[in-house]
Amino acid sequence: MPSIQTLLENNRAWARSVNAEDPTFFERLSSQQSPGYLWIGCADSRVPSTQLTGLVPGEMFVHRNVANVVVHADLNCLSVIQYAVEVLKVEHIIVCGHYGCGGVEAALRDSQFGLIDNWLRHVQDVHNKHRTFIESAGDFPARLARLCELNVIEQVVNVAQTTIVRQAWERGQQLTVNGLIYGLDDGLLRDLQMRVNSAKSLTAQFKQAIDNLGKKK
Ligand code: CO
């Protein structure tokens, strides 16, 4: 593991190279940000949101937690969504899960790690809700993959049901909530076809996304 000193040196080299390419880059960014996207992803170190989407600083607002869970009582996540939607006026919220998620796996196995078990309880609720569908996926890796996918779809629903997003739609603000999932083993994002841009389309989009999962295998 590189030392903190190395990280500081890397940082100076990075800032120099950005400056060399675009001498006003930091100056422009320091006065304002206008990202078009809010990313809600897993805290996993292998899923670096801006890197894997080819974006640069200033283009994506980011919230990450274990297993990319959106809970209506989580003031941290709600504050991020509120600021992104009402102040920054992002046009897209992306909920991005990933295959092989340790948090989702712990929920599926009902493993015990301490305090975090309470957080992962939300993923266990997703498991319980879709238990038969998950079991029909096949062996353990297939069931885990399906729970990772379902967890994204359910968290998109949770985002869409926040007062923040509902009020944005009522105001006529253009805002789409999207569900994506990332493959650690190939670096690719998959579209879960869970795309909601109005309160009235939520139920139909949810059903369609679940149907697509069933057809996939
Ligand atoms: Co994860």
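Quick note: the coordinates plus some simple rules give every number you see, no bench work behind them. This is a predicted model, so every value here is computed, not measured. Cβ sites come from the backbone with ideal geometry, for glycine too, and all protein chains shown count toward neighbours.
Our coupling estimate for segment 52-65, obtained by passing each phi through the Karplus curve with A = 6.51, B = -1.76, C = 1.60 and θ = phi - 60°, is 7, 9, x, 9, 10, x, x, 9, 9, 8, 10, 10, 10, 8 Hz, Gly and Pro reported as x. For segment 113-166, the spread of Cα coordinates along the three principal axes comes to 39, 27, 14 Å, biggest extent given first.
For the chain, the Stokes-Einstein estimate of translational diffusion at 4 °C and a viscosity of 1.567 mPa s comes to 70 µm²/s, using the Kirkwood hydrodynamic radius over alpha-carbon pairs.
Given a Förster radius of 25 Å and the C-beta distance between residue 207 and residue 171 as r, what FRET efficiency does 1/(1 + (r/R0)^6) yield to the nearest 0.05? It comes out at approximately 0.40. Between residue 136 and residue 33, what's the calculated FRET efficiency when r is the beta-carbon distance and R0 is 41 Å? Round to 0.05. According to the calculation, E is roughly 0.40.
Take the eigenvalues of the Cα gyration tensor for segment 33-150, scale each by 5, and report the square roots as semi-axes in whole Å, largest first.
28, 16, 13
Here residue 198 and residue 8 are evaluated by their C-beta separation; at R0 = 45 Å the FRET efficiency comes out at 0.45.
Taking 7 Å steps out from each Cα toward its Cβ at residue 215 and residue 86 produces label points 3.9 nm apart.
Determine the shape class of segment 63-103: with a ≥ b ≥ c the square roots of the Cα gyration tensor eigenvalues, call it rounded for a/c under 1.5, and otherwise prolate if a/b is greater than b/c, oblate otherwise. If you can, show how the numbers build up before the last one.
Details: a/c = 3.49, a/b = 1.65, b/c = 2.11.
Verdict is oblate for segment 63-103.
Proximity of backbone amide H atoms, modeled 1.01 Å from N, is registered between residue 94 and 38, 39, 40, 178 at under 5 Å, excluding neighbours fewer than 5 places apart on the same chain. Applied to segment 122-134, the Karplus parametrisation 6.51 cos²θ - 1.76 cosθ + 1.60 on θ = phi - 60° returns per-residue 3J(HN,Hα) values of 5, 6, 5, 5, 5, 4, 4, 5, 10, 3, 5, 5, 5 Hz, with x for Gly and Pro. Distance between the modelled labels on residue 116 and residue 79, one decimal in nanometres: 2.3 nm (7 Å Cα→Cβ projection). Residues whose amide H comes within less than 5 Å of that of residue 190, counting only those at least five positions distant or on another chain, are 181, 182, 183 (H built at 1.01 Å from N in the peptide plane). Shown in residue order for segment 94-99 are the 3J(HN,Hα) couplings computed by the Karplus curve 6.51 cos²θ - 1.76 cosθ + 1.60 at θ = phi - 60°: 10, 8, 10, x, 8, 5 Hz (x for Gly and Pro).
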